[in-house]
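Here's the structure we're looking at; comments come further down.
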Amino acid sequence: MAIKQLALVAFVALSLGACEEERYRGSARHWIPIPSATYTLMSSQGMTKDQPILIRSYKKESELEVWKRKADGQYALLKTFPMCRWSGQLGPKVREGDRMAPEGFYAIAPQQMNPNSSYYVSFNMGYPNAYDRAHGRTGAHLMVHGACSSAGCYSMTDDQIGEIYALVREAQNAGQKAVQMQAFPFRMTPQNLAKHRLDPNIAFWKNLKEGSDYFEVTGSEPSVSVAGGRYVFNDGAAPAAVAEKRRQDEVAVASLVAKGTPAIRLLYDDGDQHASFKQALVSNGSAALNRSASWASRDVGVSREDALTAGPRVVVFDDKGKAKATVRAVSADNDAVLAAVAGAPAEEPAKPEAAKPAVQRPAAAPAATQVAKVLPGNAQQAPVLASASSTPVTPTEEKPFLQRALSFVPVFGIGGSNATADQGVTTASTAPTTMVAPLPPRRASGLKTSNLDQATAGYASQPATR
């Protein structure tokens with residue numbers, strides 16, 4: 001009996017273990033638990049599951065951070081998640097279908113949580129917000145979700161989004177009305193700002209940096225509003241320490257530029273992902289990213305996998321803002337390589353060859369070299385250039401035997417000669433002469449064309465297609 005009971009317990013344990021992975025993939029996905037390891041991490045930092053959280057994302061670094069407020073009211077970094085996929089380019093989302101993931105300051109309220117997402121679980125970022133609407137931007141349903149595939153969203157693995165979703169849910173259940181998400185193109189460091197100083201979005205990014213500076217200096221969530229087409233943080237008031245950080249960063253940017261830090265622009269084929277996922281694919285030789293593979297195979301396929309093979313292109317500008325060269329992402333963070341490219345002298349254009357003196361050609365014969373105009377309906381006449389000869393040719397030598405034999409015939413007789421030629425006057429020709437040879441006449445209008453002609457005419461009238 002004891003053996004049977006042990007077997008039953010083992011069977012139940014195995015059954016629970018086997019279904020644990022699928023436990024929250026049905027209607028109960030909104031109860032995904034916070035992993036025990038994360039509970040331990042929170043406890044070690046004096047945090048609880050009920051305290052407010054804040055999210056920060058960075059495209060270039062492909063990372064998403066979860067910050068949690070401690071008992072003293074200051075936010076501290078809880079975890080950094082490597083981002084599995086984002087699409088588009090650095091820069092804000094502007095219109096529906098541009099594949100751009102939003103950048104800016106967004107609020108995630110409880111009604112934006114989606115436990116029944118097609119991509120495991122998700123939450124809506126809240127795009128377009130007041131800033132986006134002020135600039136006439138369009139688009140909807142921009143999410144943070146699982147499945148590791150993106151067409152304008154921030155995509156994580158299923159395990160990652162499950163944990164992030166649970167952290168947001170617990171904070172909201174404890175009373176946090178909205179979780180702030182700060183979405184940046186890159187970390188707002190002087191190095192990144194110096195490199196991207198010529199990017200068309202630099203003014204927008206400097207505006208985002210104002211909110212980033214406030215959070216990093218004070219450890220508090222900035223209040224966000226929109227006025228005059230700009231983000232305004234804390235109604236424009238900031239502690240002196242925030243203003244000092246901004247001043248120091250501006251000095252650092254100017255110093256980096258003076259030292260030769262090149263201006264660059266990153267051009268992605270279609271977004272990027274954290275290097276750890278690329279390394280995992282190389283190591284495993286498979287596209288399976290934990291549980292996301294089964295979900296990605298369910299017709300998610302919105303990311304361009306070929307876009308990740310070589311990384312972004314890095315356009316390097318000289319000190320006058322002129323593009324000097326384009327290198328691949330392997331050099332994107334190598335300042336020495338980029339500076340060498342920007343500082344390399346431009347290739348001198350090939351010098352044109354010295355003009356050669358024009359070849360003096362004899363003047364053309366007055367009447368014989370003129371080509372008659374071709375009138376519609378007439379047989380076309382084409383000039384044929386005869387070879388020049390310096391040897392005098394007598395009319396007698398030019399005339400055929402029959403003409404010479406009948407030279408006594410009057411001018412308008414068979415010979416067709418003129419009186420001057422008959423009198424034996426020689427005419428030396430030292431210039432090329434133009435002879436006229438008939439070409440086949442044009443097809444008369446109204447005649448039926450062949451099948452080949454019809455097919456060719458139809459092809460020529462069609463627009464070029466890819």
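Annotation: the residues PHE105, PHE215, sorted from fewest to most other C-beta atoms within 10 Å of their own C-beta, follow the order PHE215, PHE105. Among the listed pairs LYS70/LYS93; LYS278/LYS320; LYS209/LYS259, which have their C-alpha atoms separated by more than 27 angstrom in this model? Beyond 27 Å: LYS70/LYS93; LYS278/LYS320. In order along region 223-232, the phi-based Karplus estimate (6.51 cos²θ - 1.76 cosθ + 1.60, θ = phi - 60°) of 3J(HN,Hα) comes to 7, 10, 9, 10, 8, x, x, 10, 6, 10 Hz; Gly and Pro are listed as x. Which of rounded, prolate, oblate describes region 27-343, given a ≥ b ≥ c as roots of the alpha-carbon gyration tensor eigenvalues and a/c under 1.5 marking rounded, otherwise prolate only if a/b is larger than b/c? Judged from the Cα gyration tensor, region 27-343 comes out oblate (a/c at least 1.5, b/c at or above a/b).
Order these by the 10 Å Cβ neighbour count, fewest first: TRP31, TRP67, TRP86.
Fewest to most other Cβ atoms nearby, the residues stand as TRP31, TRP67, TRP86.
Database remark: amide H of VAL224 closer than 5 angstrom to the amide H of ASN234 (H placed geometrically; neighbours at sequence offset of 5 or more, or on other chains; Pro and chain starts carry no H).
Quick one: CYS148, CYS153, fewest Cβ neighbours within 10 Å first, how do they rank?
Ordered by Cβ neighbours within 10 Å, fewest first: CYS153, CYS148.
The string of couplings for region 73-85 from the Karplus curve (6.51, -1.76, 1.60, θ = phi - 60°) is x, 9, 7, 9, 5, 8, 8, 10, 9, x, 7, 7, 5 Hz, one whole number per residue in order, with x for Gly and Pro. One Cα centroid belongs to region 118-155, the other to region 174-216; the line between them spans 18 Å.
Here, each number is a calculation from the coordinates, and none is a lab measurement. Just so it is clear, the model here is predicted, and its values are computed rather than measured. Here the Cβ is made from the backbone with ideal geometry for all residues, glycine too, and neighbour counts use every protein chain on show.
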